[in-house]
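First up is the structure itself, then whatever we jot down about it.
The values are calculated or read from the model by the stated rules, or taken from the named source; none is laboratory data. Everything numeric here is computed off the predicted structure, so don't read it as measured data. Note that each Cβ is placed from the backbone with ideal geometry, even for glycine, and that neighbours are counted across all protein chains shown. Quick note on the areas: whole protein, heavy atoms, side chains included, nothing else; ligands and nucleic acids left out. Shrake-Rupley method; radii C 1.70, N 1.55, O 1.52, S 1.80 Å.
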Amino acid sequence: MAEESLLVSCDCGYRDVRQGVKAHQKTCGVRIVPAQRRTIEQKEQDAAEKDSMADTTPSGPEPKHASVKPKRDEGETEDPISQAVGEYGRWQLQLTFFLSLFNIPCTWHIFALTFQSLPSDFWCAKPHLANISVDEWRNISHILSTKDGKDSYNPCHIWDVDYSAATFSGHNNSSRACTQWQFDSTESGETITEKWQLVCDRAQLVNVAEMMFLAGVAAGGLVSGMVSDRFGRKRTLMGSLVLQICLAVIMAFSPWFELYLVLRCCLGFISVGVVFSGFVLCMELVGGKWRTISGVSYLFPVPLSYIAIAGIAYFVRGWSQLQLAITLPSVLLFALWWVLPESPRWLLAVGRTDEVMIILQEAARVNKRPLPPSLDKTLRQATVRKESADQPKAGIMDLFRTPKMRKNSLVLYVIWFSVYLVYYGLVLNLGNIGGDIYINTVLSGVVEVPAIAISILFLLKKGRRWPLCLTLMGSGAACLLTLAIPPGDTDLEWVTIMFAMAGKFSVSSSNAVTPVFTAELFPTVVRNLGVGSSNVPAGIALMLVPYLWNLSGVDERVPMGVLGAFGLLGGLCVLLLPETGNRPMVATLQEGEELPRSRNTSCVEKQVKKGDAGNCNGSFAP
């Protein structure tokens, strides 16, 4: 049999791979990166096998009917799940769709306070006086003040006189603070502002209520991953759903504001567990490029939830009634307990191969795909390989131990902070940018649907680095354009809303791309730790969002200016990171440090796929 020429390309020319890695590296004078090393060593092994076969195989032409093994995708041999049932099929489509529905109640809960604390007209509670209207009471008791050329009554102070007297002759120019208020609830129903008198000196407690939920989200993002790894994806998901419903129902009947704050913090903590567990299960049911598609598509119900809650809040007035209206539909999700399986990859990781077989048999039936005859043996071998390959867990300091990993970690923290600040700064402050809150909420959902769809195309065709950079900077530029509109100009209010929605569209794409980009930048040994640590600056941004519009006391344009500045800052920081699109994920910190320079990344990606990673003008990292 004719011997096949096995060559490796680099800028010094072609060298026979049998020279070996060290000889090749010495002769060519370039450093062999891990991707090259694996390519060369694999060719060395193939060459040795061919030589061995040549010694034992009779000479002569090979028969035309000789079997040829189909080429497998990279990593497929280490993924018996995808081998057995395919990377994506009808089974995966149904389950990922059902899992995405868990986003709906979680989105409703994070957005509910916007409608539960709608501003309404209020005034200092009047004493029991007969035959006196609200307007008359304000006229005789409230202090008239002028702001921006408009006269209005100060609802926080009244003249310091005895209003219980039968006659009232005037005041002595001294005032006192109100202790109780009355509200006009004809349009919004009873809000938490009215129930617990969150006005005047207590007005900031509304922001505290929002911050408590977001603080719970920040903390839950770190804990839910560990719980999911310990008890499984399905049990964590459904257990979190039970707790979410119980907490939300109790909160609807809370008699004290302090209890309401505690319950809202716990609700945020549990809600992120629902989202996280559902997302991980969704990603572990599919394989290959479908992980990217399914991971982003998992977010599609989020903008639809914005549209839905605007309609629910429009017809259901009153904070307690609205709380029940967005909570009780979650009971329907319990039916999915008999539909959703446990993650087969998690079961395989913990050695429960018998349960994996049952799940794969059902998946193969739905996908109309026969299972391999030796699947049970393959699964047990995969379990043994994993146990033998287990390594000590990495620590938080490993994210900062090496130069490139330290730079990537710090830059990603800035990006996550910026993305979350801009995204939730716009989402949770739709009532502060002008216009009708219900219409703004619907528009916010409408613009996010195409943004998520475009993100899938970006990730598949354009990589991660430039799409994330441009969309994040685009959101910042849109926010900064609102500064050109004079504050209080109602005729141009629609222009402000248009720019805000453009920013929301752009940052929604950034919000979809960022988790994928982050997971690909961290090596396998620190991937979960890296993604989890990135949620810390994101959580800080979440807790700052409720107080962002307090800066409007300095100038009404400052909040949007802050969002614009961080959008531009985050977008520019993306340029400090390497491209990861279509590049095999690195496994160790050392491999991450030895990656090629970013200017040659695309070349290396293409050449690695061809098994010829050296022909990139000799521009490997020194």
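Per-structure values
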{"quantity": "Any hit, the stretch 261-270, residues being of a type outside the set (Lys, Arg), touching a residue at least 40 places away in the same chain (Cβ under 8 Å) and outside any helix (DSSP H, G or I)", "calculated": "no"}
{"quantity": "Condition check for Pro372: part of a loop (DSSP other than H, G, I, E, B) and either modelled with pLDDT of 75 or more or of a type in the set (Lys, Arg) (or both)", "calculated": "yes"}
{"quantity": "Residue identified as among the hydroxyl-bearing types (Ser, Thr, Tyr), over 30 Å from Ala313 (Cβ atoms) and touching a Pro at 6+ places or on another chain (Cβ under 9 Å) among Thr378, Thr327", "calculated": "Thr378"}
{"quantity": "In the stretch 168-198, the residues that are at pLDDT below 80 and either hydroxyl-bearing (Ser, Thr, Tyr) or touching a strand residue (DSSP E or B) at 6+ places or on another chain (Cβ under 6 Å) (or both)", "calculated": "Ser169, His171, Ser174, Ser175"}
{"quantity": "The stretch 394-420: number of residues that are at pLDDT below 90, within 30 Å of Ser475 (Cα to Cα) and open to solvent by less than 50 Å² (accessible area, probe 1.4 Å)", "calculated": "4"}
{"quantity": "Filter pass, Arg345 being surrounded by 15 or more Cβ atoms within 10 Å (Cβ to Cβ) and outside any helix (DSSP H, G or I)", "calculated": "no"}
{"quantity": "Residues of the stretch 428-438 satisfying the condition of being surrounded by fewer than 23 Cβ atoms within 10 Å (Cβ to Cβ) and touching a residue at least 12 places away in the same chain (Cβ under 8 Å)", "calculated": "Leu428, Asn429, Gly431, Asn432, Ile433, Gly434, Gly435, Ile437, Tyr438"}
{"quantity": "Residue within the stretch 423-441 that is farther than 26 Å from Met283 by Cα, hydroxyl-bearing (Ser, Thr, Tyr) and modelled with pLDDT of 85 or more present", "calculated": "yes"}
{"quantity": "Test: Val531 is modelled with pLDDT under 90, open to solvent by 60 Å² or more (accessible area, probe 1.4 Å) and in contact with a Phe, Trp or Tyr (Cβ under 9 Å, 6 or more places away or on another chain)", "calculated": "no"}
{"quantity": "Val536 of a type outside the set (D, E, K, R), open to solvent by 10 Å² or more (accessible area, probe 1.4 Å) and without any contact (Cβ under 8 Å) to a residue 40 or more places away in the chain", "calculated": "no"}
{"quantity": "Flag if Gly476 is open to solvent by less than 10 Å² (accessible area, probe 1.4 Å) and either out of contact with any helix residue (DSSP H, G or I) (no Cβ under 7 Å at 6 or more places or on another chain) or more than 21 Å from Ile110 (Cα to Cα) (or both)", "calculated": "yes"}
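Per-residue answers, yes or no, for (1) of a type in the set (Asp, Glu); (2) surrounded by 17 or more Cβ atoms within 10 Å (Cβ to Cβ); (3) in a helix (DSSP H, G or I):
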residue: Thr179; (1), (2), (3): no, no, no
residue: Glu187; (1), (2), (3): yes, no, no
residue: Leu198; (1), (2), (3): no, yes, no
residue: Val227; (1), (2), (3): no, yes, yes
residue: Arg230; (1), (2), (3): no, no, yes
residue: Leu237; (1), (2), (3): no, yes, yes
residue: Leu241; (1), (2), (3): no, yes, yes
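A quick yes/no check of all residues on (1) at pLDDT 85 or above; (2) open to solvent by 40 Å² or more (accessible area, probe 1.4 Å); (3) within 30 Å of Ala203 (Cβ to Cβ); (4) not in a loop (DSSP other than H, G, I, E, B):
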| site | (1), (2), (3), (4) |
| --- | --- |
| Ala512 | yes, no, no, yes |
| Val516 | no, no, no, yes |
| Met543 | yes, yes, yes, yes |
| Pro559 | yes, no, yes, yes |
| Leu563 | yes, no, yes, yes |
| Leu576 | yes, yes, no, no |
| Gly614 | no, no, no, no |
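Yes/no per residue for (1) open to solvent by 60 Å² or more (accessible area, probe 1.4 Å); (2) closer than 26 Å to Phe98 by Cα; (3) in contact with a helix residue (DSSP H, G or I) (Cβ under 8 Å, 6 or more places away or on another chain):
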{"site": "Pro303", "(1), (2), (3)": "no, yes, yes"}
{"site": "Ile312", "(1), (2), (3)": "no, yes, yes"}
{"site": "Leu322", "(1), (2), (3)": "no, yes, yes"}
{"site": "Pro341", "(1), (2), (3)": "no, yes, yes"}
{"site": "Glu355", "(1), (2), (3)": "yes, yes, yes"}
{"site": "Ile358", "(1), (2), (3)": "yes, yes, no"}
{"site": "Pro370", "(1), (2), (3)": "yes, yes, yes"}
{"site": "Pro373", "(1), (2), (3)": "yes, no, no"}
{"site": "Leu379", "(1), (2), (3)": "no, no, yes"}
